[in-house]
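Notes for the one structure printed next.
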Amino acid sequence: MKKTILNKYYQVLTLDEIKTEFSTITKIIDKKKSNFHGINEVYSSTIKKDVIRAWKKHTQMICNIVVIKGSVKFIFFEDNFELYEEVIFKEKKKNILVIKPNIWFGFKGLEKENIIINFSNIMHDDNEVIQKKYDETSKVF
């Protein structure tokens, strides 16, 4: 498999931070920003170290994912599963991952404890998501 640029399907945006003398406020979602497509569901997921959750492709959902604990590796594939790209998100790096519809993706926990939050534009619908079982022989993670 060869690496390519698939970022037409996802964006990495830096979160705004407001620093005060006693704390830091991190703004995750702002309806004035380009990644805001409405919010209909917010959920968190824990991912244990070396656990892989793959593959899924949303046909309508836009995911806005923030890693709030640990580190998580995300892998993206086009439909042919030949071209891929990976990004790693860490709790200390204040970014949000915006995943657009129609891209295959999966993720893996890299630390002992990993937590993500997803702000999605639509409610979860089993008819909207396509899933494939992860083949451990692929070695992409």
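The values are calculated or read from the model by the stated rules, or taken from the named source; none is laboratory data. All of these numbers come straight from a predicted model, not from anything done at the bench. As a convention, Cβ positions derive from the backbone with ideal geometry for all residues, glycine included, and neighbour counts pool all protein chains shown.
Here is how the numbers come out for the structure above:
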quantity	calculated
Residue identified as modelled with pLDDT under 95 and more than 14 Å from the chain's Cα centre (by Cα) among Lys133, Lys94, Lys100	Lys133
Residue among Gly38, Gly70 that is touching a Gly at 6+ places or on another chain (Cβ under 8 Å) and of a type in the set (Gly, Ala, Ser)	Gly70
Evaluation of Glu78 against (1) under 26 Å from Ile29 (Cα atoms); (2) at pLDDT below 90 (one fails), failing number	(1)
Positions within the stretch 16-35 being of a type in the set (A, V, I, L, M, F, W, C), in a loop (DSSP other than H, G, I, E, B) and at pLDDT 90 or above, in sequence order	Phe22
Selected residue (criterion: surrounded by the most Cβ atoms within 10 Å (Cβ to Cβ)) from residues of the stretch 25-42 that are of a type in the set (D, E, K, R) and over 13 Å from Asn118 (Cα atoms)	Lys33
Candidate set from the stretch 70-116 (those that are in contact with a Cys (Cβ under 9 Å, 6 or more places away or on another chain) and in a strand (DSSP E or B)); member that is surrounded by the most Cβ atoms within 10 Å (Cβ to Cβ)	Phe105
Residues of the stretch 89-105 satisfying the condition of being under 13 Å from Tyr10 (Cα atoms) and touching a Phe, Trp or Tyr at 6+ places or on another chain (Cβ under 8 Å)	Asn95, Leu97, Val98, Ile99, Lys100, Asn102, Ile103, Trp104, Phe105
Residue within the stretch 53-65 that is farther than 17 Å from Gly106 by Cβ and under 14 Å from the mean Cα position of the chain (by Cα) present	yes
First in the stretch 51-62 and touching a residue at least 12 places away in the same chain (Cβ under 8 Å), second anywhere and surrounded by 16 or more Cβ atoms within 10 Å (Cβ to Cβ) and polar (S, T, N, Q), Cβ under 6 Å, 6 or more apart	Met61/Ser120; Ile62/Asn121
Those residues of the stretch 85-105 which are basic (Lys, Arg) and out of contact with any strand residue (DSSP E or B) (no Cβ under 6 Å at 6 or more places or on another chain), in sequence order	Lys92, Lys93, Lys100
